[in-house]
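To start, the structure under review is shown below, and the notes come after it.
The values are calculated or read from the model by the stated rules, or taken from the named source; none is laboratory data. Since this is a predicted model, take the numbers as computed values, not measurements. Virtual Cβ from ideal backbone geometry, glycine too; neighbours counted across all protein chains shown. Quick note on the areas: whole protein, heavy atoms, side chains included, nothing else; ligands and nucleic acids left out. Shrake-Rupley method; radii C 1.70, N 1.55, O 1.52, S 1.80 Å.
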Amino acid sequence: MVPMADFVIPPPPQASLPVSGAVGCFPIRRVFCVGRNYAAHAREMGKDPDREPPFFFMKPADAVIHAEGTVPYPSLTSSFHHEIELVVALGAGGHDVAPDDALSLVWGYGVGVDLTRRDLQDEAKKLSRPWDWAKGFDASAPCTPIHPVADVGHPDRGEIWLRVNGELKQHGDLGDLIWSVPEVISAISTAVDLAPGDLIYSGTPAGVGPMQPGDVVSGGVAGVAEFSFTVGSPDRRPA
């Protein structure tokens, strides 16, 4: 580590989320996201959900924002989609973690939305290009405060839902995850060293779809947390 006094410009702020019922914040190191981890969502995306090996993409830590107030409509898109997910916050790290040991790394849980510029993602898929512009843009990962394990346990069953302007769009149960949270943690740890501060967006149920400026988006996971935010006006939305 380089001493702070030796930085040639001021270091960026530490990305973080509030902790439910606490004064302090949860620092964010990296953000891992699991693709197509509910069978019905895999089918709606045109894929076979029969426990194919899990795959992952990442978002920048500072893409995580509080799931409240106004969330901006991003540039470069006219197809801005919601994907609600259980978020896993790690308080310990490891490499090659066995599934049976994986939950010992978890500090708490939240509820987040993997926001997606779907038109950019579709184009990237056609051209066999990375998803970064579709998934890793500014403010693309709203999340509730983190709730400690001591308060919510380790949820492996329970309703997960999202509404747009009060209309139910996504609905499922954590028990429908193709790869469980311990299996997801274990799989990530075979590729990289996990560390305290890592977040994992664990996958979304079926029903992903578009949001428009002014829409009120709400959702939650039973026994964990709920949220509500409004989609803001676009700055440079394509005609």
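Per residue, what volume in Å³ does the convex hull of the Cα atoms of segment 51-148 enclose?
On the way: hull volume 12.6 nm³, N = 98.
Taking only Cα atoms, segment 51-148 has a hull volume of 129 Å³ per residue.
Taking all protein chains in place and a 1.4 Å probe, what share, in percent, of the accessible surface of the chain do carbon and sulfur account for?
Accessible surface attributable to carbon and sulfur in the chain totals 54 percent.
Using label points projected 7 Å from each Cα along Cα→Cβ, tell me how many nm separate Cys25 and Ser78, to one decimal.
Output for this residue pair reads 3.7 nm.
Where does each of 21-29, 78-86, 198-206 land if you order them by average Cβ count within 10 Å, highest first? Could the numbers behind the result be given before it?
Numbers: 21-29: 13.9, 78-86: 22.3, 198-206: 25.6.
Descending packing order for the listed peptides: 198-206, 78-86, 21-29.
Please express the Cα-Cα pair-distance distribution P(r) of segment 147-232 as a list of whole percents, one per 10 Å bin, running from 0 to the bin with the greatest distance.
All Cα pairs considered, the percentages come to 15, 40, 32, 13, 0.
Enumerate the residues in segment 79-115 having an amide nitrogen under 18 Å from the point lying 7 Å beyond the Cα of Glu123 toward its Cβ.
Within reach of a label on Glu123, which here means backbone N under 18 Å from a point 7 Å along Cα→Cβ, segment 79-115 contributes 79-81.
Which distance in nm do the two modelled labels at His171 and Arg157 give, with both placed 7 Å along the Cα-to-Cβ direction?
1.9 nm
Gain in length, Ala191 to Phe56, computed as 0.36 nm per residue apart minus the alpha-carbon separation, to one decimal in nm?
Details: separation 135, 0.36 × 135 = 48.60 nm, distance 1.05 nm.
Residue separation times 0.36 nm, minus the Cα-Cα distance, leaves 47.5 nm.
Residue by residue through segment 67-79, what is 3J(HN,Hα) from phi via Karplus (6.51 cos²θ - 1.76 cosθ + 1.60, θ = phi - 60°)? Round to whole Hz and write x for glycine and proline.
Using θ = phi - 60°, the values come out as 7, 7, x, 10, 9, x, 7, x, 6, 6, 9, 10, 9 Hz.
Quick check: Cα centre of segment 219-234 to Cα centre of segment 85-104, how many Å?
25 Å
For Thr230 and Phe7 in the same chain, what is the full-extension length gain: residue separation times 0.36 nm, less their Cα-Cα distance, in nm?
Fully extending the segment from Thr230 to Phe7 adds 76.5 nm.
Taking a cut-off of 22 Å, what percent of all Cα-Cα pairs in the chain are separated by more than that?
More than 22 Å apart: 52 percent of the Cα pairs in the chain.
List the residues whose amide H sits under 5 Å from the amide H of Arg30, counting only those 5 or more places along or on another chain, with H placed 1.01 Å from N in the peptide plane.
Answer set, sorted by chain and number: Asp198, Leu199.
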